[in-house]
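Asker: Please see the structure below; I have some questions.
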Amino acid sequence: MSDVTHTPAVQRGYVDISKEHVIRFWREVDVTQRDGFWAVQLDGRALKTPAKHALKVPTRAAAQMIADEWIAQDRVVDPASMPATRLASTAIDHVGGARQVVADEIAAYAGSDAICYLGEGALQRRQIEEWAPWRAWAARELGVELEPVVGVAHRAQSEASLARVKLLALELDDFQLTGLAAANALFGSAVLALAVLKGAMGGEEAFDLSRLEDAFQQSQWGVDAEAAERAATMRQEAVVLERWLRALEE
């Protein structure tokens, strides 16, 4: 086992999950409190991020999500099965030093929010039925008023609403902001991402709402197996993001 623990991918409790074919070297995984944060240990050694920062999160529940991923690894580490570890590392290594940029990106999504662009005919009727309540929710609960448009031509949203979205993003800690940014990109919608963040809807519901047009097309033309597989993977990402955001509240 000593020949494995000295490879470039595995050093002092740090495992670079971007590397391929990293062999599991640890036996025990546990969660411990450190300096007001929670950390994950492999055989008593604290995990580090790819940038060699201490991997510490604000709640025990979030740390347990990460620990469970390391516990679940088999002989060879599977990076695709470790989304919470990636979210935490991203928050620590990247988002903390780029909060304004990340918040601007989230506000930019609101400026072309997926639930503001309507199709025609039966699709439009379904989009209005499913999306209008959430635009109303955003206006009522968040102070974010977004106007819908028919077609794909861009419609500028009010600067006040976009500024409000940015402010909501900047009020979050680095870990919540990372989750919001990931949900934003997954759904193509700041409104849906914020609704999941606030606990107003679940990740799967938000994912389904973000894919109304795809579902409509499938009802007309049938399901493509490859597209269905991609959608299933993305749906699972939505579930994990919801779990991550809820874990950060505990």
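Asker: Need at least 1 residues that are of a type in the set (Phe, Trp, Tyr) and out of contact with any Lys or Arg (no Cβ under 6 Å at 6 or more places or on another chain) per element, so show me which helices (runs of 4 or more DSSP H) inside region 158-238 make the cut, counting only ones lying wholly within it. Can you show your working first?
Answerer: Details: elements: 159-170, 174-187, 190-197, 203-210, 212-221.
Result: 174-187, 212-221.
Asker: Looking only at residues in region 68-90 that are assigned to a loop (DSSP other than H, G, I, E, B) and in contact (Cβ under 8 Å) with a residue 12 or more places away in the chain, which one is nearest to the chain's Cα centre (by Cα)?
Answerer: To start, the set of residues in region 68-90 that are assigned to a loop (DSSP other than H, G, I, E, B) comprises 72-75, 77-78, 82.
Those still in the list that are in contact (Cβ under 8 Å) with a residue 12 or more places away in the chain too: 73-75, 77, 82.
On the way: Gln73: 21, Asp74: 25, Arg75: 27, Val77: 21, Met82: 13 Å.
Across region 68-90, the extreme among qualifying residues is Met82.
Asker: Based on what the data block shows, is Ser219 over 23 Å from the mean Cα position of the chain (by Cα) and in the same structural domain as Gln124 (by TED's automatic domain parsing)?
Answerer: Values: over 23 Å from the mean Cα position of the chain (by Cα): yes; in the same structural domain as Gln124 (by TED's automatic domain parsing): yes.
When the stated conditions are applied, Ser219 passes them.
Asker: So which residues in region 109-147 are in a helix (DSSP H, G or I) and without any contact (Cβ under 8 Å) to a residue 40 or more places away in the chain?
Answerer: First, the residues of region 109-147 that are in a helix (DSSP H, G or I): 109-111, 114-116, 121-142.
If the condition is that a residue be in a helix (DSSP H, G or I) and without any contact (Cβ under 8 Å) to a residue 40 or more places away in the chain, then Gly121, Gln124, Arg125, Ile128, Glu129, Ala132, Pro133, Ala136, Ala139, Arg140 are the ones that fit.
Asker: Which of the residues spanning region 71-83 are touching a helix residue (DSSP H, G or I) at 6+ places or on another chain (Cβ under 9 Å) and either acidic (Asp, Glu) or crowded, with 22+ Cβ neighbours inside 10 Å (or both)?
Answerer: Val77
Asker: Restricting the search to region 24-51, which residues are at pLDDT below 85 and surrounded by 16 or more Cβ atoms within 10 Å (Cβ to Cβ)?
Answerer: Arg24, Phe25, Trp26, listed by residue number.
Asker: I want to confirm something. Restricting to region 104-144 and keeping residues that are surrounded by 17 or more Cβ atoms within 10 Å (Cβ to Cβ) and β-branched (Val, Ile, Thr), which single residue is farthest from Asp214 (Cα to Cα)?
Answerer: Top of the filtered list is Val144.
Asker: Let me ask something else. In region 200-214, what residues are small (Gly, Ala, Ser) and over 22 Å from Thr90 (Cβ atoms)?
Answerer: Ala200, Gly202
The values are calculated or read from the model by the stated rules, or taken from the named source; none is laboratory data. From a predicted model like this one, the values you see are computed outputs, not experimental measurements. Note that each Cβ is placed from the backbone with ideal geometry, even for glycine, and that neighbours are counted across all protein chains shown.
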